[in-house]
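Enquirer: Right, I'll just put the structure down here and ask away after.
The values are calculated or read from the model by the stated rules, or taken from the named source; none is laboratory data. Because the structure is predicted, anything quoted here is derived from the model rather than measured. Every residue, glycine among them, receives a Cβ derived from its backbone with ideal geometry; neighbour counts consider all protein chains shown. What goes into the accessible areas is simple: the full protein's heavy atoms, side chains included, and nothing from ligands, DNA or RNA. Shrake-Rupley method; radii C 1.70, N 1.55, O 1.52, S 1.80 Å.
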Amino acid sequence: MVSLDEAVVARYERQGMHFEILIDPKAAEEFVDGKDITVAEHLAADHIFKDANKGTKASEESLTEIFETTNLEMVAEYILKHGDIQLTTAQRRAMRERKYNKLIDIIARNSMNPQTNMPHPKDRIERALEEASFHVDAFTPIDEQVKNAIDAIRPIIPISTENVEVEVKIPPKYAGKAYGQVKSIGTMRHEEWLSDGSFKCRIELPAGMQRELYDKLNSVTKGEVETRLIK
């Protein structure tokens, strides 16, 4: 349970009635972003308040009237989904910065330069976002902002979000160890074990993850892997 000093207020108002919870700001952010968390575990108090600053609890009658339940978890989730989270300026700035960095990471992992068929470096994506004056919203789920961000930078840098398919051939002495690396990073579309013990496959993965695939395979095979971009 988060301490009262670290908690922030999430507030919901309906029919002239006020409802508030005290919650860990990071947990509130994770919930807004769609992460599967148990909200009640991150509350500073196991109550729904009428006024959190005064410590006044909401009555069971008012909870039933507005939320049709007195269940703490259900009411707290509803308040987070439909209410306002009262963050300080510093908390908003930190939350926005975390989302901004996460947005860059998602774009880098799931897109490429169609002119080279290779991922854009993160710093290039960041510069494009700055040039496009793209604003990251602290309270909008990050997945909902990715498409808008890509649309914003498309006039600035060539960018494609299509998956790619890579053919991989791994020598016998590394095949067993490298197999798990391949499966962990993409979707296997074809695989076969050759007569000499080599492993050959085609793997589909987000365009921006090509470099990660190549780095992992080169590391585990000491550079003896063969790769070919199919599409």
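Enquirer: Kindly indicate the residue of the stretch 188-199 that is outside any loop (DSSP other than H, G, I, E, B) and open to solvent by less than 60 Å² (accessible area, probe 1.4 Å) and also farthest from P121 (Cα to Cα) among those meeting that condition.
Expert: Among residues in the stretch 188-199 that are outside any loop (DSSP other than H, G, I, E, B) and open to solvent by less than 60 Å² (accessible area, probe 1.4 Å), the one farthest from P121 (Cα to Cα) is F199.
Enquirer: With the structure loaded, tell me whether I153 is open to solvent by less than 70 Å² (accessible area, probe 1.4 Å), among the aliphatic types (A, V, I, L, M) and either touching a residue at least 60 places away in the same chain (Cβ under 8 Å) or within 25 Å of K99 (Cβ to Cβ) (or both) or whether it fails that test.
Expert: Values: open to solvent by less than 70 Å² (accessible area, probe 1.4 Å): yes; among the aliphatic types (A, V, I, L, M): yes; either touching a residue at least 60 places away in the same chain (Cβ under 8 Å) or within 25 Å of K99 (Cβ to Cβ) (or both): yes.
Against the criterion (open to solvent by less than 70 Å² (accessible area, probe 1.4 Å), among the aliphatic types (A, V, I, L, M) and either touching a residue at least 60 places away in the same chain (Cβ under 8 Å) or within 25 Å of K99 (Cβ to Cβ) (or both)), I153 qualifies.
Enquirer: So, one more: Hey, does the stretch 156-173 have a residue that's farther than 16 Å from N110 by Cα, of a type outside the set (A, V, I, L, M) and either in contact with a Pro (Cβ under 9 Å, 6 or more places away or on another chain) or assigned to a strand (DSSP E or B) (or both)? If you could, list the steps in order and put the result at the bottom.
Expert: As a first pass, look at the stretch 156-173 and keep what is farther than 16 Å from N110 by Cα: 156, 167-173.
Going one step further and asking which of them are of a type outside the set (A, V, I, L, M), we end up with 167, 169, 171-173.
Within this subset, residues satisfying the condition of being either in contact with a Pro (Cβ under 9 Å, 6 or more places away or on another chain) or assigned to a strand (DSSP E or B) (or both) are 167, 169.
Yes: the stretch 156-173 contains one or more residues that are farther than 16 Å from N110 by Cα, of a type outside the set (A, V, I, L, M) and either in contact with a Pro (Cβ under 9 Å, 6 or more places away or on another chain) or assigned to a strand (DSSP E or B) (or both).
Enquirer: What are the residues in the stretch 215-229 that are open to solvent by 70 Å² or more (accessible area, probe 1.4 Å), assigned to a helix (DSSP H, G or I) and either of a type in the set (S, T, Y) or modelled with pLDDT of 90 or more (or both), if any?
Expert: S219
Enquirer: Going by the conditions given, is K200 over 30 Å from D36 (Cα atoms) and in contact (Cβ under 8 Å) with a residue 12 or more places away in the chain?
Expert: On the way: over 30 Å from D36 (Cα atoms): yes; in contact (Cβ under 8 Å) with a residue 12 or more places away in the chain: yes.
It is true that K200 is over 30 Å from D36 (Cα atoms) and in contact (Cβ under 8 Å) with a residue 12 or more places away in the chain.
Enquirer: Separate question: For residues that are within 19 Å of M17 (Cβ to Cβ) and among the charged types (D, E, K, R), tally how many sit in the stretch 73-113. If you could, list the steps in order and put the result at the bottom.
Expert: Here is the first cut: in the stretch 73-113, the ones within 19 Å of M17 (Cβ to Cβ) are 74-86.
Still in the running and among the charged types (D, E, K, R): 77, 81, 84.
Residues flagged as within 19 Å of M17 (Cβ to Cβ) and among the charged types (D, E, K, R) within the stretch 73-113 amount to 3.
Enquirer: If K177 passes every condition in (1) assigned to a helix (DSSP H, G or I); (2) within 21 Å of the chain's Cα centre (by Cα) but one, which one does it miss?
Expert: Status for K177: all satisfied but (2).
Enquirer: Of (1) part of a helix (DSSP H, G or I); (2) touching a residue at least 40 places away in the same chain (Cβ under 8 Å); (3) open to solvent by less than 50 Å² (accessible area, probe 1.4 Å); (4) more than 24 Å from S219 (Cβ to Cβ), D143 satisfies all except one. Which?
Expert: The single condition D143 does not satisfy is (3).
Enquirer: Could you please find all residues in the stretch 52-74 being within 33 Å of the chain's Cα centre (by Cα), closer than 14 Å to V9 by Cα and not small (G, A, S)? Can you show your working first?
Expert: Let us first name the residues in the stretch 52-74 that are within 33 Å of the chain's Cα centre (by Cα), namely 52-53, 63, 66-74.
Checking the rest, the ones that are also closer than 14 Å to V9 by Cα come to 52-53.
Once the filter is applied, which keeps residues that are within 33 Å of the chain's Cα centre (by Cα), closer than 14 Å to V9 by Cα and not small (G, A, S), the stretch 52-74 yields only N53.
Enquirer: Still on this structure, please answer the following. Of the residues I159, I150, which is under 30 Å from P25 (Cα atoms) and in contact with a helix residue (DSSP H, G or I) (Cβ under 7 Å, 6 or more places away or on another chain)?
Expert: Values: I159 fails: under 30 Å from P25 (Cα atoms).
Exactly one residue qualifies, and that residue is I150.
Enquirer: Between residues in the stretch 203-223 that are among the charged types (D, E, K, R) and residues that are assigned to a strand (DSSP E or B), which pairs lie under 6 Å by C-beta distance while being six or more apart or on different chains?
Expert: E204/N163; E204/E165; E204/T187; E204/R189
Enquirer: I'm trying to understand the selection: among the residues of the stretch 99-140, which are open to solvent by 60 Å² or more (accessible area, probe 1.4 Å), part of a helix (DSSP H, G or I) and in contact (Cβ under 8 Å) with a residue 12 or more places away in the chain?
Expert: Those that are open to solvent by 60 Å² or more (accessible area, probe 1.4 Å), part of a helix (DSSP H, G or I) and in contact (Cβ under 8 Å) with a residue 12 or more places away in the chain: K102, R109, N110, K122, R124, E126, E131.
Enquirer: With respect to the numbered conditions (1) modelled with pLDDT of 85 or more; (2) open to solvent by 20 Å² or more (accessible area, probe 1.4 Å); (3) closer than 24 Å to K35 by Cβ, which one is the sole condition not fulfilled by E212?
Expert: All conditions are met except number (1).
Enquirer: In this structure, does K183 turn out to be outside any helix (DSSP H, G or I), of a type in the set (K, R) and either modelled with pLDDT of 90 or more or open to solvent by 10 Å² or more (accessible area, probe 1.4 Å) (or both)?
Expert: Details: outside any helix (DSSP H, G or I): no; of a type in the set (K, R): yes; either modelled with pLDDT of 90 or more or open to solvent by 10 Å² or more (accessible area, probe 1.4 Å) (or both): yes.
So K183 fails the test.
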